[in-house]
Amino acid sequence: MAEPLITPTPISARALARRPVRSSRVLLRRFYHSRAWTIWVGCVVFGNSIVLGLLTAVPEDSATWRTLDGVDDWMLAALVSDSLLCIVVKGRRVLRSRWDLFDITVTALSLVPRIDMLSALRVLRVLRVLRLLSFVPHGRATVDALFQAMRQMAAAFLVLIVVFYSFVIIATNLFRDIDPSHYGSLGRTATHLYAVMTSFGNDPDAIIPVVSALPWAWLVFVPFVVIASFGLLNLFIGVLAAAVKEQLDRENVGRERARLERLEAKLDALARALEAVAERQRIVPDRTED
């Protein structure tokens, strides 16, 4: 029995030329997303944070400072290579990732002191420490939750402003003659009531002089501390904690979904390979039957 001829699909020269490019992109993508590269960049960011602190503590133009400055240049080059690799691998997708844009922007701003070595611009190098947020466990989720909680806390923040402003006016009108150094104007009253609010009433310099002259002044301070400190501030903390938990749950769900998608892709590839083998066995008959 004659074997059927299978005509191979012709491959154009353009397709052959694209193969090395695609293979190199695949290798770069695997290298960029590899655990070894992620750990390497994280170690560079962490070590660079320590070097930046030492550069602040060591006198300038000393031998130690010049050595640390050289190490800082080397670490900056490593971070620049990471940013360039991110742009090459992800392409336009970088514009849709807030954290990729954040890392690239921080690295780009760190190059400014190297272009113009003004002492005032050297402080921009400290911005590289912010890249640690990308490598702290759940650091990105925590920051995203913080911004999400800030939107949710807008109503509570407005209520706090109204309550605080009302007590500022009350305290100024009642206590300006007794303690003008603390309550002589709206600005002074707001400053000291803010200290009372954030210290949960543990600011004797702003309370004791007034209470000594007017014992009923507690009727003003106690409701203020209860409403502003224990009420609204704890509400802020509760909203922030709920937002962090929601963001962490979303991150875990996304990570699990990505893992399942990768597993599904592998199973699909295996199924296609098995189908190809079965199709080949069906087309090419067994030689033993001839």
Once phi is turned into ³J(HN,Hα) by the Karplus curve 6.51 cos²θ - 1.76 cosθ + 1.60 with θ = phi - 60°, what whole-Hz value does each residue of region 73-81 show in order, with x for glycine and proline?
4, 5, 5, 5, 4, 5, 5, 5, 5
Ordered by packing density, taken as the mean number of other Cβ atoms within 10 Å over each peptide's residues, highest first, how do 260-273, 89-102 rank?
89-102, 260-273
Rounded to whole Hz, the Karplus (6.51, -1.76, 1.60) HN-Hα couplings of region 146-156, x for glycine and proline
5, 5, 5, 5, 4, 5, 6, 8, 4, 5, 5
For the pair Trp65 and Leu219, how long in nm is the line joining their label points, each one 7 Å along Cα→Cβ?
6.3 nm
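Computed from the coordinates by the stated procedures, all read-outs in this text should not be read as laboratory data. Since this is a predicted model, take the numbers as computed values, not measurements. Cβ sites come from the backbone with ideal geometry, for glycine too, and all protein chains shown count toward neighbours.
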